[in-house]
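Taking it in order: structure first as structure tokens, then the write-up.
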Amino acid sequence: MNVHVVIDDVGVAERAVAGGATVVQVRLKHAGTAARAAMGRRLRHLPAMLVINDDVEAALQCRADGVHLGQTDRGAARALDAGLLLGVSARDLYEAEAAQAICATYIGAGPVWSTPTKPDAGSPIGIDGLAAICAAVRIPVVAIGGVNAANAGRCIGAGAAGVAVVRAARDTPGVRAAVDAALAASVRA
């Protein structure tokens, strides 16, 4: 679960998985359930976990492995009852602890750095904020927001189990190499 690619394009997803992505998260912000489920079905053949963003029904329809919900999205209980992995976004300790309390499988923490792909994400939490969230919860934390090959290792060093990339999805091999190097360094330490 250590390299998530957040995509809205099948070709990018296929190249990202070939480059080492372990999770493909479908984010079609302005599409409906039918479009999200259709894209999910087109990606089921990939050897990676499939997660649908913001839409439990679409995740169920395409037989995704999980769903990722923001703080205002509904359906966490339904997702868990259906056996889906549940990712929940968190920007601070309170939101991270609340996600853990509802039995989330993992937390998407961020934005770590500012990002143009989600202008409504709020102020960056930085490496210190990420480290505080990682230290406060027992479930895996995936860093998101401005993450790329140059800084992915810092996220792992702060305690994240993985990273999620949007713009850097096209550079998955570089991100994968940075995550692997940071994980290897933490094992040696």
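The values are calculated or read from the model by the stated rules, or taken from the named source; none is laboratory data. Since this is a predicted model, take the numbers as computed values, not measurements. Don't worry about glycine lacking a Cβ; one is built from the backbone with ideal geometry, like all the others, and counts go over all protein chains shown. Heavy atoms of the whole protein, side chains included, go into the accessibility calculation; ligands, DNA and RNA do not. Shrake-Rupley method; radii C 1.70, N 1.55, O 1.52, S 1.80 Å.
Coupling constants for the stretch 67-78 follow from the phi torsions by the Karplus curve (6.51 cos²θ - 1.76 cosθ + 1.60, θ = phi - 60°), and in residue order they are 9, 10, 10, x, 5, 9, 7, 9, x, 4, 5, 4 Hz; glycine and proline get x. Note on residue 92 and residue 181: their simple-model spin labels are 3.5 nm apart, each label 7 Å out from Cα toward Cβ. Rounded to whole Å, give me the distance from the Cα center of the stretch 1-68 to that of the stretch 158-189. Their Cα centres are 20 Å away from one another.
Taking only C-alpha pairs under 8 Å that are 6+ residues apart, what is the relative contact order of the stretch 76-146 in percent? If you can, show how the numbers build up before the last one.
Values: 123 pairs, mean separation 23.0, N = 71.
Reported relative contact order: 32 percent.
At a 10 angstrom cut-off on C-beta neighbours, averaged per residue, how do the peptides 147-154, 94-101 rank from highest to lowest?
Sorting 147-154, 94-101 by mean packing, highest first, produces 147-154, 94-101.
Average accessible surface for the chain: 45 Å² per residue, computed with a 1.4 Å probe over protein heavy atoms with every protein chain in place. Taking each residue as 0.36 nm, the span from residue 78 to residue 101 lengthens on full extension beyond its C-alpha to C-alpha distance by 6.7 nm. Dividing the mean sequence gap of close Cα pairs (under 8 Å, 6+ apart) by how many residues the chain holds gives a relative contact order of 20 percent.
Using a 1.4 Å probe over the heavy atoms of the protein chains, calculate the carbon and sulfur portion of the accessible area of the chain as a whole percent. All intermediate terms of the calculation are to be shown ahead of the outcome.
Values: 4510 of 8530 Å².
Solvent-exposed carbon and sulfur of the chain make up 53 percent of the total.
Using semi-axes √(5λ) of the Cα gyration tensor in Å as the read-out, say which of (i) 54, 22, 15; (ii) 23, 20, 15; (iii) 49, 39, 17 was calculated from these coordinates. Matching entry in (i) 54, 22, 15; (ii) 23, 20, 15; (iii) 49, 39, 17: (ii).
For the stretch 90-102, backbone phi angles converted through the Karplus equation (6.51, -1.76, 1.60; θ = phi - 60°) give residue-by-residue couplings of 8, 10, 8, 4, 4, 5, 5, 5, 5, 5, 4, 5, 8 Hz, Gly and Pro being listed as x.
Along the stretch 143-148 the Karplus relation, 6.51 cos²θ - 1.76 cosθ + 1.60 evaluated at θ = phi - 60°, assigns HN-Hα couplings of 7, 9, x, x, 7, 8 Hz to successive residues, with x for each Gly and Pro.
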